[in-house]
Amino acid sequence: SLECAFQQLELTFASYYESVLDLLEEDKSDHKLLEIVCGPVIEATRIDARKLEAYQLIKPATNGHYEGFTDHFTQYLQARARDVDLWELWTKTERALRDFVEDKMRVLHGSDWENKLATQYDELRLIFEKCRRFRENSRKFQGDCVSTRLIDYASSPMDYWAIIELHWSRFSPPLQGTKKEWQKRFELIKAVRDPMAHSAEHTLPPDHIKRAEIFCKELLDAMQNSTSSQR
């Protein structure tokens, strides 16, 4: 029947797309392809985009963006992107968030910003004291090769939010939306992140996981756009 023929054609295309991504996997170009077409762009560069365009896997779209070489391939990539591992996404978000927060605070308070904030705000003092304990524990096991930045030892999304909330005017231009909206987003990310850190993601409602993924991507996009605008 026509329906069976269509399903078989779908499987053939999907198999071809899988083989393409398998080839790209060797140098992580598969992840860069997903970033370039679906966002957020974390590691991919313009050179990567030109290379994939030369392979005729992507083509320019509107507003400087790219899409797959066909609409069907674009849809396939979007489906693959939705399957991204949320823990990996949060890890990328957290790394970018540390740099983002530090850059803003260094401009405002200088290189000793963590100690200055700890002196000014009791809640931040408690967070940084906890970070110091984690840093000392890391040194016991890993020696002097560990990071010296206190913010690298923040253990919760709400640790970052505590700093952002107290300096909202510094963060609100890149973070589109109200402070209350972003507080709820950070709270949801924490509610999803904590069970995942203990391999208990099976206890989470699927819609919470999906919303946390969306918020992480929004946060990454906002930070990336803020960095790009400052260049």
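The values are calculated or read from the model by the stated rules, or taken from the named source; none is laboratory data. In this text the structure is predicted, and so the values were computed from the model without any measurement. Because the Cβ atoms are built from the backbone with ideal geometry, glycine has one as well, and the counts that use them run over all protein chains shown. All accessible areas refer to the heavy atoms of the entire protein, side chains included, with ligands and DNA or RNA removed. Shrake-Rupley method; radii C 1.70, N 1.55, O 1.52, S 1.80 Å.
Listed values, structure above:
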{"read-out": "Surface share of carbon and sulfur [accessible, 1.4 angstrom probe, percent] for region 40-156", "value": "48 percent"}
{"read-out": "Cβ charges +1 (Lys, Arg) and -1 (Asp, Glu), total dipole of the chain, debye", "value": "1060 debye"}
{"read-out": "Cα long-axis angle, helix 179-197 against the chain (0 to 90 degrees, to the nearest 10)", "value": "80 degrees"}
{"read-out": "Cross-link partners of K179 among aspartates and glutamates (Cα-Cα below 17 Å; sequence separation of 8 or more within a chain)", "value": "D159, E165, E187, E218"}
{"read-out": "Fully extended contour minus Cα-Cα distance, from K179 to A79, at 0.36 nm per residue", "value": "32.9 nm"}
{"read-out": "Per residue solvent-accessible surface (Å²) - region 42-129, probe of 1.4 Å", "value": "59 Å²"}
{"read-out": "Residue pairs, from the table K28/K190; K92/K140; K104/K180; K92/K116; K32/K210; K32/K217, whose Cα atoms sit over 18 Å apart", "value": "K28/K190; K92/K140; K104/K180; K92/K116; K32/K210"}
{"read-out": "Cα gyration tensor shape for the chain, rounded if a/c is under 1.5, else prolate or oblate", "value": "prolate"}
{"read-out": "Cα gyration tensor shape for region 147-218, rounded if a/c is under 1.5, else prolate or oblate", "value": "oblate"}
{"read-out": "Rotationally averaged projected area of region 33-152 (alpha carbon convex hull; nm²)", "value": "10.7 nm²"}
{"read-out": "Unit charges at the beta carbon, dipole of region 129-231: most positive-side option, G177, I164, V192", "value": "I164"}
{"read-out": "Selection from T12, C145, T45 lying farthest towards where the dipole of the chain points positive, charges on Cβ", "value": "C145"}
{"read-out": "Accessible-area value, R139, 1.4 Å probe, nucleic acids and ligands omitted, Å²", "value": "80 Å²"}
{"read-out": "Whether region 101-231 is rounded, prolate or oblate, judged on the alpha carbon gyration tensor where a/c under 1.5 counts as rounded", "value": "oblate"}
{"read-out": "Approximate spin-label separation A191-S226, in nm, with each point projected 7 Å along Cα-to-Cβ", "value": "2.4 nm"}
{"read-out": "Average Cα contact separation per residue, the chain, under 8 Å, 6 or more apart, as relative contact order %", "value": "18 percent"}
{"read-out": "The chain: calculated mean residue ellipticity at 222 nm from DSSP helix runs of at least 4, using -39500 (n - 2.57)", "value": "-23000 deg cm²/dmol"}
{"read-out": "Charge dipole (debye, nearest 20) of region 9-55; +1 at Cβ of Lys and Arg, -1 at Cβ of Asp and Glu", "value": "280 debye"}
{"read-out": "In degrees, nearest ten, helix 122-142 long axis to first principal axis of the chain (Cα)", "value": "70 degrees"}
